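To start, the structure under review is shown below, and the notes come after it.
The values are calculated or read from the model by the stated rules, or taken from the named source; none is laboratory data. Quick caveat, the model's predicted, so the values are computed rather than measured. All Cβ positions, glycine included, derive from the backbone under ideal geometry; neighbour counts span all protein chains shown. Just the protein is used for accessible areas: all its heavy atoms, side chains included, with ligands, DNA and RNA removed. Shrake-Rupley method; radii C 1.70, N 1.55, O 1.52, S 1.80 Å.
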Amino acid sequence: MSAPAAVQPAARPSVPRYWMDREGILGPVMLLPVVVYIVALVGFPLVLALIYSFSDVTVGDQTINWVGFETFSQAMANPTFRLALRNTLLFTLISQIVVLVLGNILALVLSADFPGKRLVRFLILLPWTTPIALGVIGWLWLLDGLYSPIDALLRMIGLLGPDTLFGPGRNMLWLAQPDTAQISVVLVHVWRTLPLATVILLAGLTAIPQDLRDAANVDGAGFFRQLVYIRIPLLLPIMAVAVLYGIVFTFTDMTVVYLLTRGGPPVDSTQVLASWAYFKGIEGGNLAEGAATAVFLFPALAGVAALMLRMARRAETN
Amino acid sequence: MAAVETRNLTKQFDQVKAVDGIDLVCEDGEFLVLLGPSGCGKTTLLRMIGGLEAPTGGEIVIGGQDVTKLPPRARKIAMVFQSYALYPHMTVYNNIAFPLKAQKMAKPEQQERVTWAASILGIDHLMDRKPRQLSGGQRQRVALARALVREPNVFLLDEPLSNLDAQRRASARDELQQFQRRVATTTIYVTHDQVEAMGMGDRIAVMDQGRIRQLGTPADIYNQPADVFVATFVGSPPMNLVPTPDGSLLLGFRPEHFFRHEGPAADGLKTFPFHVHREEYLGAERLYYGEIGETRVVARFPVTATTTAPPGDTYPFAVHDRDVRMFDAKTGERTDLVAVT
Ligand SMILES: Nc1ncnc2c1ncn2[C@@H]1O[C@H](COP(=O)(O)OP(=O)(O)OP(=O)(O)O)[C@@H](O)[C@H]1O
Ligand SMILES: [Mg+2]
């Protein structure tokens, strides 16, 4: 009895002073801002979009009536939706294949020792640090119908103009024709996702132990044999991560299409799901159909993410 | 098979001279050990011989051919790394076959050679496993099989046993040496473990600070150390070094040659008063730590010795003249090298 009584007065003042040391209190306190942020800015809109997509809400009539999958079938019946779905898949696939090839080459080059390596690495990462809207506005100028510097370059090396590969006109009119407009969108996506992929692959390359490369050298493997049998297999898990990022960014992006082509030309040839959802739901006022379009690929995308992460983990334990 | 020779081989990293003008000849079929403390340049020397590091100066000759400028794969060498460096994503079979594939050898012949190498090392049953499914000893044997499979001119081994536990290491030492005798391939073996060096090497090159201090048989190195560094680096506990009264020489003698001696001084015997501080009982032997004057000295008694020297007292000790080596106190060099045959 007497011993605890003697301890108590000393212990009491320490309670407020040491609450910061108690994980049970400090943990939740420090997590709170993140939880609030996710719930308010990610969770709430997502739940709202899901609710909208199963209703018939419009800007004009905001009462939410449960209609099941009717909005989805309505959205899918629209030919533009199907075009947007095809474009989304195609743009993502093509841009990520290009990114994988270029990213691997760039990473290989950058992993070598040469003067000015740091500067080049920094420059390559720059597109990643530019806000995407600003980057796309820059591209608007690069792809301009009259003043495009890319056209000027093509003319200079003799690929554009009368009697050349790309035809008689003085300009490619990148954004004025459906096929070149689609190429332009893919191009900007490549420009946008390549830096991160390169940096991720570079990190993966650097993580391959020097001993393995030495062993391969001693074993008599030349550059391409080492590339195909050692580097690429060892790099696969990290490639999965790089591609996962690229897929998610490209899939969900509406800024590039919205600013570059507004879905055209003439209408809808470069439309993707994200931009179509915006045009339909916000500019067209059909909130329910816009929401249904936006969440349409949510399960597929979540599946892709889960698959990629699983692949990465499995390769890691190998 | 081929002899390996380095001529005035030098490697300068930014600040450090890792290898400082090494002339070394490793005879055809010889098992040569590079022994030295951490950071003395063993790995750098080995990597230069293997072609993984470009020398700052000097030449490397393998089998009579100057290979200094040749890439690793043109040198017909095989290397076993401390980490084994097995390809983690390949099966044991593919690991061993990789050098053959690089040579574009035909599949059936590949298979034959891999089977042969695997049977020599007793890993036939592990062929379908991945490296992570192997024990340290098994990994080491796979690495050896991969080195063996192309029948190289030279084996270069960089501390291949350092990842094994003590017990496994003793048997691996034995296996490795038998294996080398059987294939009779010139072998350069790096270690900082003197037991490995003494037990395995035909000859040992003792290195320090990028230079070779002594090159000789294990018995030479142990009994006739060329200088104070070799005398104290090889042997555990190291050779005792007691200064002469005038301070010009150091008298070196091994702890096992230092014995308790009652009675008068005799011819061919040097006597010292030895003050014992501490006794260490090690089963097969006893060590007595103490001082002669100001100098720390150790005596080693075999378990069969009947005499003792309980700590806390001073005893008369002696050493035979024939067991004493003399070193210059300033330079550390041997001064009685006439004794060496
Ligand atoms: N790539 C490098 N760049 C700069 N200095 C290096 C490099 N490699 C080795 N050194 C230096 O060269 C010296 C010799 O290194 P080395 O690896 O050959 O030693 P070692 O005898 O193999 O040592 P250990 O027994 O610890 O493996 C060391 O001082 C080391 O710091
Ligand atoms: Mg080393």
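The table that follows gives values for the structure above.
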quantity	calculated
Whole-number D in µm² s⁻¹ for the range B:110-261, Kirkwood Cα-pair radius fed into Stokes-Einstein, 25 °C, 0.890 mPa s	137
Compactness of chain B, expressed as Rg and Dmax over alpha-carbon positions, Å	23.7, 78
In the B-A interface, the accessible area buried, summed over both sides, Å² (probe 1.4 Å)	1900
Relative contact order %, chain A, counting alpha carbon pairs below 8 Å whose residues are six or more apart	26
Dipole magnitude of the range B:4-229, debye to nearest 20 (Cβ charges: Lys/Arg +1, Asp/Glu -1, about Cα centre)	960
Values of log10 I(q)/I(0), in the order q = 0.12, 0.20, 0.25 Å⁻¹, for the range B:76-140 under a Debye, Cα-only, solvent-free model	-0.28, -0.82, -1.25
Cβ neighbours within 10 Å from other chains - mean over B:69-78	3
Derived scalar couplings ³J(HN,Hα) [the range A:68-80; Karplus, 6.51 cos²θ - 1.76 cosθ + 1.60; whole Hz; x for Gly, Pro]	x, 8, 4, 4, 5, 5, 4, 5, 5, 6, 6, x, 4
Among B:Asp193, B:Asp23, B:Asp165: highest mean-square fluctuation, GNM of chain B, C-alpha pairs under 10 Å	B:Asp165
Computed Rg/Rh of the range A:58-124, alpha carbon atoms with Kirkwood Rh	1.38
Value of D in µm² per second that Stokes-Einstein yields for the range A:250-290, Kirkwood Rh from Cα pairs, at 4 °C (1.567 mPa s)	130
Solvent-accessible area, 1.4 Å probe, carbon plus sulfur percent, for chain A	72
Estimated inter-spin distance, B:Ser38 and A:Phe223, nm [label 7 Å along Cα→Cβ]	3.8
Spatially proximal lysines relative to B:Lys130 (Cα-Cα < 27 Å; intrachain offsets below 8 disregarded)	B:Lys76, B:Lys101, B:Lys104, B:Lys107
Burial of 30 Å² or greater, the range A:230-269 residues [accessible area, probe 1.4 Å, versus chain by itself]	A:Ile230, A:Leu234
Built amide H within the under 5 Å cut-off of B:Met207, gap 5+	B:Leu35, B:Gly36, B:Arg213
Accessible area of the protein assembly as shown divided out per residue, in Å², using a probe of 1.4 angstrom	51
Surface share of carbon and sulfur [accessible, 1.4 angstrom probe, percent] for the range B:4-229	45
Rounded to whole Å, sorted largest first: equivalent-ellipsoid semi-axes of the protein assembly as shown, Cα gyration tensor	72, 36, 24
Whether the range B:111-189 is rounded, prolate or oblate, judged on the alpha carbon gyration tensor where a/c under 1.5 counts as rounded	oblate
Value of [θ]222 nm, deg cm²/dmol, for chain A, DSSP H segments ≥ 4, -39500 (n - 2.57) each, nearest 500	-21500 deg cm²/dmol
In Å², nearest 10: area of A:Trp174 left accessible to a 1.4 Å probe	30
Rounded FRET efficiency, nearest 0.05, which uses the C-beta distance separating B:Gln82 from B:Glu294 and R0 of 35 Å	0.30
Over the range A:184-318: Rg over Rh, Cα atoms, Kirkwood Rh	1.15
Shielding score for A:203-215, defined as the mean number of other chain Cβ atoms within 10 Å	4
Averaged over B:283-292, number of beta-carbon atoms from partner chains that fall within 10 Å	0
FRET efficiency, B:Glu151 to B:Asn223 (Cβ-Cβ, R0 35 Å, nearest 0.05)	0.45
Cα-based equivalent ellipsoid of the range B:154-226: semi-axis lengths in Å, sorted from largest, via gyration tensor	21, 14, 13
Most mobile of B:Asp124, B:Asp246, B:Asp208 in a GNM of chain B (Cα contacts under 10 Å)	B:Asp246
Mean projected area (nm²) of the alpha-carbon convex hull when the range B:238-328 is viewed from all directions	6.0
Listed residues A:Tyr147, A:Tyr245, A:Tyr18, most fluctuating in chain A (Gaussian network, C-alpha, under 10 Å)	A:Tyr18
Charge dipole magnitude, Cβ of K and R +1, D and E -1 - the range B:204-301, Cα centre, debye nearest 20	160
Qualifying lysines (Cα of each under 26 Å from Cα of B:Lys330; at least 8 residues distant if same chain)	B:Lys17, B:Lys270
Cα-based equivalent ellipsoid of chain A: semi-axis lengths in Å, sorted from largest, via gyration tensor	43, 36, 19
Longest site-free stretch - chain B; sites: GluC sites (Glu not before Pro), DSSP loop, at most 10 other Cβ within 10 Å	B:1-261
